[in-house]
Amino acid sequence: MSELLKMPVSASDLLAESIEEAVHKGTLGGVAGLAVEVRGGTILLRGHCASYYCKQLAQQLAMTIASDAPLCNHIRVK
């Protein structure tokens, strides 16, 4: 069995995965290179998109899932 399959999944990992999925679906894949991390209870969004609207939409979608957690939106608009 692979070592990855033996590793327990943390609540932070599950939260990051849920946010990533919601942002991907909600922006119709509009955030390229999307990466979501949860560190010390803070959500970090990274990637790039074509508009400020898409950046803000990604932030709103993330906040909908984890409304009480601080969020840092490092998505770049190109």
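Might you check whether a residue that is modelled with pLDDT under 95, surrounded by fewer than 19 Cβ atoms within 10 Å (Cβ to Cβ) and more than 10 Å from the chain's Cα centre (by Cα) occurs anywhere in region 16-31? Scanning region 16-31, I find no residue that is modelled with pLDDT under 95, surrounded by fewer than 19 Cβ atoms within 10 Å (Cβ to Cβ) and more than 10 Å from the chain's Cα centre (by Cα), so the answer is no.
Restricting attention to region 14-38, the residues that are more than 13 Å from Ala66 (Cα to Cα) and touching a residue at least 12 places away in the same chain (Cβ under 8 Å) add up to 8. Taking region 57-78 as the range and being surrounded by fewer than 14 Cβ atoms within 10 Å (Cβ to Cβ) and in contact with a strand residue (DSSP E or B) (Cβ under 9 Å, 6 or more places away or on another chain) as the test, the residues that pass are Pro70, Cys72, His74, Arg76, Val77, Lys78.
The values are calculated or read from the model by the stated rules, or taken from the named source; none is laboratory data. Being a predicted model, the structure only gives us computed values, none of them experimental. Every residue, glycine as well, gets a Cβ built from its backbone with ideal geometry; the counts of neighbours run over all protein chains shown.
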